[in-house]
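We did not get these values from a lab; they are worked out from the coordinates using the rules stated. Please read all numbers here as calculations on a predicted model, not as lab measurements. No Cβ is skipped: glycine too gets one built from the backbone with ideal geometry, and neighbour counts run over all protein chains shown.
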Amino acid sequence: MSKGLWPAISGSIAQSERLDVIANNLANVDTAAFKRDQVAFQAVMSSAVTAAMKEDIPRKLYTEKDFHKLDGADSAYVAVEGTFTDFTQGRTKVTGNPLDIVLEGKGMFEVLSPQGLRYTRQGSLKLNPEGTLVTTEGFPVLSPGGIPEAGAPPVPREELLGRAIRLDPAVKGQVTITADGRIYQEKTEVGQIAVTEFVDPKLLTKEGSSLFRNETPANISQDASTTNVRQGMLETSNVNAIAEMTELLKATRLFEANEKVVRTYGELESRAVNDLGKL
């Protein structure tokens, strides 16, 4: 394979992944509290990587072949370093629904998914037939619990389920949610929404469109929460549709440019195979 072909192929693969991420962002432009993702790239010289792995510099008389390898092993390529989430807060939309909440600050509230404890900012809540406060996916919203210690076993699901917030469906009085997440049904406190802040949100793993998983107990901040809960509002997606469309056009053009380079190399190699034999 020609040395110039692999950078174009790897560039096409990288831009293809970028297009998938941008398309997912655009698909969730109206999803409440959705956090956009972005792809980070790195350009790699295999010779530089190989050199970094060596501990000692060989002391010998270098020749031209040491700097210009002829076996095709020395190549450059583009690699996807990873997909990262932009945790910038979206705009606030007033809904008037007493069970809609928005978090002003960096915190997330705890929910219980089928896979275990998860965190989210998607505050469109409702009551299920049993009176349990749940998300739109039906995941129970949890009240505060202790901060897990490093190395401690996972909290059993039954224990987490015991922290689910339940209201009395028979009581038709007004539901009030205070800034610290306390829930009152008429004048009776029925629970408090567990709001958690993190030392580094980038350590969270995104699941689906709005759930996050924390695998590092030390990432949970032990400082007093500065996040406020606001009732009757929702956080909108932080996706800027115009900016994403611009990125989509740029990624598409870069993908097409790389594909053109691949086709050109294919034509050159085809001519080399067919025409050189005639000489």
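What to note about this one:
- Gyration tensor (Cα) of the stretch 160-279, equivalent ellipsoid semi-axes in angstrom: 58, 18, 14
- Alpha-carbon radius of gyration plus Dmax, which is the widest Cα pair, for the stretch 92-235 in Å: 14.6, 44
- Note on the stretch 221-252 and the stretch 115-147: Cα centroid distance 20 Å, given to the nearest whole angstrom.
- Whole-Hz Karplus values for the stretch 228-233 come out as 9, 9, 10, 8, x, 9 Hz, taken residue by residue from phi with 6.51 cos²θ - 1.76 cosθ + 1.60 and θ = phi - 60°; glycine and proline positions read x.
- Within-14-Å neighbourhood charge of Ala32 [Cβ basis; K, R +1; D, E -1]: +3
- Each label point was placed 7 Å from the Cα along the Cα-to-Cβ direction; for Ala224 and Glu259 their separation is 5.8 nm.
- For the stretch 102-112, putting each phi into the Karplus relation 6.51 cos²θ - 1.76 cosθ + 1.60 with θ = phi - 60° gives couplings of 10, 9, 9, x, 8, x, 9, 9, 8, 9, 10 Hz, in residue order, rounded to whole numbers and with x for Gly and Pro.
- Enclosing the Cα atoms of the stretch 215-279 in their convex hull gives a volume equal to 202 cubic angstrom per residue.
- Total charge dipole magnitude, the stretch 126-252, about the Cα centre, Cβ charges on Lys, Arg, Asp, Glu only, Debye to nearest 20: 280 debye
- Farthest positive-ward along the stretch 92-235 dipole, Cα basis, beta-carbon charges - from Val111, Gly123, Val141: Gly123
- Estimated inter-spin distance, Ala27 and Asn97, nm [label 7 Å along Cα→Cβ]: 2.2 nm
- Taking the convex hull of the alpha carbon positions in the stretch 71-140 and averaging its projected area over all directions gives 8.6 nm².
- If a spin label sat at a point 7 angstrom from the Cα of Glu104 along the line to its beta carbon, the backbone N atoms of the stretch 215-252 nearer than 16 Å would be those of 225-236.
- Structure note, pairs Lys93/Lys172; Lys126/Lys172; Lys126/Lys187; Lys35/Lys106; Lys35/Lys93: Cα-Cα distances above 23 angstrom occur for Lys93/Lys172.
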